[in-house]
Amino acid sequence: MLSAGEFTNHLSRPEPSIPRVLTILSFVLEKLVARNNGLIDDLTQPLDGLSCGSAGIGKSLNPFHGVRAPSISIPKYLERLYKYTDCSPSCFVVGYVYIDRLVHKHPDSLVLSLNVHRLLVTSIMVASKMLDDVHYNNAFYAKVGGVSNAELNRLEVEFLFLLDFRVTVSSRVFESYCFLLEKEMILNGGACQTIERSLVPITDMADVPELSENTQTSPSLTQIMD
Amino acid sequence: MAIAAPGQLNLNEVPSWGSRGVDCFEKLEQIGEGTYGQVYMAKEIKTGEIVALKKIRMDNEREGFPITAIREIKILKKLHHDNVIKLKEIVTSPGPEKDEQGRPDGNKYKGGIYMVFEYMDHDLTGLADRPGMRFSVPQIKCYMRQLLTGLHYCHVNQVLHRDIKGSNLLIDNEGNLKLADFGLARSFSNDHNANLTNRVITLWYRPPELLLGATKYGPAVDMWSVGCIFAELLHGKPIFPGKDEPEQLNKIFELCGAPDEVNWPGVTKIPWYNNFKPTRPMKRRLREVFRHFDRHALELLERMLTLDPSQRISAKDALDAEYFWTDPLPCDPKSLPKYESSHEFQTKKKRQQQRQHEENAKRQKVQHPQQHRIPPNQQSGQAHTQIRPGPNQPIHGTQPVVAGGPSHHYVKPRGPSGGANRYQAGGNPGGGYSHPNRGGQGGGGGYSSGPYPAQGRGAPFGSSGLPGAGPRGGGSGYGVGGPNYPQNGPYGGSGSGSGRGSNMMGGNRNQQYGWQQ
């Protein structure tokens, strides 16, 4: 459970501008993607390119597949999502829980460099919708994430159906995922870091007006994913 | 405590929803308007089974999938009870769009997403509004007990319904009552430390703590609504038909007395207390106003319409009230009469047509006053038609509605249409109250054991069979998976957000009741 001691510990440390969860999540995902990409390469030696290879694996994640991998790295992409959408750091953990649920539910699907960005923007957006008092709408996430509004809506619905609408993450499950992510980091020689566990307080004030996207300037990311 | 490995919890899932199209169903007619879309009666073509299809509005592109819909689906997926509406599956329909080559673009979600529910013939408001309808005492007890049983199940599973009202209580022709429309529902934690929005629950059924701006609340909010419905069933019409928040509070205070630190410790610290505190002393008049109710009904009502939410009766305790265990006992749902389909949506439509008919027929004459039963609409953007007589008429609310005659083929007036009250308004028809007959109450631990269970554990509670049957208790436990982490998202995003409670209509102010000064 979320212990108060742990929480104050975090507060007493100098707070880096980028939440540690982003660093850890980037690390874990980059490793996962590298492994899966390698797997696909092995499977499709005689063929050329990933797009052919991806046809051989499960179709569940097809809507998330781009034609080619976006040039922006995973850490930069997460940082971008965090910076402009201002979602709470917990959304990154919960987003990861969703992606993990999804690949366990559809074991034939692989997170690859071709789909990881779309999976991330969708999962973090849904997590923010579920968690945050104030969140940006799909249109804003689309702009930040470099996809069209219509595509992101479609991805959202695909995502929810793939998850079978299992979007509840209990505090226990949340904690166990934090633990898992931290362990991954240590096991792989990364620096020992802990994730910000700021899942409290819990609110759903509906009176808070939705922020208009015009109040924040977001350099429009050119369609990084075509 | 053992912690499930990540992903381990995902394996025992039912087959994926959304694989079937809406073309598996044939739409028959529109029967309602939900929080975020229309509801249709439909027939599954393969099996002939009648279902209700609730369309999820996807027309707000910028917002994407409505958060209220995500919540309703998420919550209904884990609630399985005879008194909670069953979500059977979700189906999609292909969109009309084509790609550049003129092929369907495969974007099935553009077309629509429908939630498929079991079909229910009536809702409580629609049923009560039938001309000449008069509920018997055992019938009222039967509905109330089912309502409380379903709500107790929700509360044990840490779900607040937050929109209990007659039109959300569905009734089938077997007499079963089920809670529906979980579009405003959310999970809660028992510590009440969360800040929740107070802009929930249809105004007439909204408890004083929400009207006073409380953001920390719990299951007691639903119990207030239940009290309002109970009183409405006994009284024959809504008891707090306020047109806006201040008037709503005033109506409550007039009946239940003004809150103070004595009857509601802490009330003066609730955010808007000072804005709304009554200017004159008001004492509780509930017993006096409803003195014609039977003793046990009044006793239970007193405990439901208690101002202080911490003293308000819980669903579990209400099920233990004398009221349900004295003659006449609640009847078996199956023994209730069968009625032709009636939904509030349809009765409203019918009355609307009837009103037009009347207006055309005798534009210059004095109209018959009509019943007002429609609470002020709570959602912006889907204005329900308010039925009300012309302005400035003396209204006493109980005149029959039959001036023009029902114009819908599916409504046959039953019984005397001129009766002032459709409900059993009082008296003591059964007698025998002094010999409480509590068959079977002692057995099995039933409802009365202990507080809500710890997170993730099932409560002892008979989950099989109808609540109307037999002794209390029963052994089987239910319990949904793990603890429910209270989700907190605003649902302001989905277009129905801001307006709850603010879209007040005039007109209901004409209602006068004997007990209001």
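The values are calculated or read from the model by the stated rules, or taken from the named source; none is laboratory data. This structure is a prediction, so every number in the text was calculated from the model and none was measured. All Cβ positions, even for glycine, are placed from backbone atoms using ideal geometry, and neighbour counts span all protein chains on display. When the accessible area is computed, the model is the full protein with side chains, heavy atoms only, and any ligands, DNA or RNA have been set aside. Shrake-Rupley method; radii C 1.70, N 1.55, O 1.52, S 1.80 Å.
What the table shows:
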| quantity | calculated |
| --- | --- |
| Lone unmet requirement of (1) open to solvent by 10 Å² or more (accessible area, probe 1.4 Å); (2) facing another protein chain (nearest Cβ under 7 Å); (3) not in a loop (DSSP other than H, G, I, E, B) for A:Y177 | (1) |
| Among residues of region B:85-103, those that are in a loop (DSSP other than H, G, I, E, B), modelled with pLDDT under 90 and out of contact with any Gly (no Cβ under 6 Å at 6 or more places or on another chain), counted | 7 |
| Residues being aromatic (F, W, Y) and within 14 Å of chain B (Cβ to nearest Cβ) - total across region A:66-124 | 2 |
| Condition met for A:F140 (in contact with a strand residue (DSSP E or B) (Cβ under 9 Å, 6 or more places away or on another chain), within 28 Å of A:N62 (Cα to Cα), modelled with pLDDT of 90 or more and at the interface with chain B (Cβ under 9 Å from one of its Cβ atoms)) | no |
| Count of residues meeting criterion [more than 9 Å from chain A (Cβ to nearest Cβ) and more than 20 Å from the chain's Cα centre (by Cα)] in region B:52-70 | 3 |
| Matching residues in region A:9-46 - criterion: being modelled with pLDDT of 50 or more and assigned to a loop (DSSP other than H, G, I, E, B) | A:P16, A:S17, A:I18, A:P19, A:T44, A:Q45, A:P46 |
| Hits in region B:109-127 (condition: outside any strand (DSSP E or B) and either at pLDDT 90 or above or open to solvent by 70 Å² or more (accessible area, probe 1.4 Å) (or both)) | B:K110, B:Y119, B:M120, B:D121, B:L124, B:T125, B:L127 |
| A:V157 being at the interface with chain B (Cβ under 7 Å from one of its Cβ atoms), out of contact with any Ser or Thr (no Cβ under 8 Å at 6 or more places or on another chain) and not in a helix (DSSP H, G or I) | no |
| Wholly enclosed helices (runs of 4 or more DSSP H) of region B:156-269 bearing at least 3 residues open to solvent by 10 Å² or more (accessible area, probe 1.4 Å) | B:220-235, B:245-256 |
| Elements of type helices (runs of 4 or more DSSP H) in region A:58-147, at least 3 residues being crowded, with 20+ Cβ neighbours inside 10 Å and under 11 Å from the mean Cα position of the chain (by Cα) | A:74-85, A:90-105, A:116-131 |
| Selection from region B:270-281 of residues that are assigned to a helix (DSSP H, G or I) and surrounded by 14 or more Cβ atoms within 10 Å (Cβ to Cβ) | B:Y273, B:F276 |
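Let's see how each residue does on (1) at pLDDT below 95; (2) among the polar types (S, T, N, Q); (3) closer than 18 Å to B:A185 by Cβ:
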| site | (1), (2), (3) |
| --- | --- |
| B:P207 | no, no, yes |
| B:L212 | no, no, no |
| B:V221 | no, no, yes |
| B:G227 | no, no, no |
| B:L233 | no, no, no |
| B:K237 | yes, no, no |
| B:E247 | no, no, no |
| B:F253 | no, no, no |
| B:G257 | no, no, no |
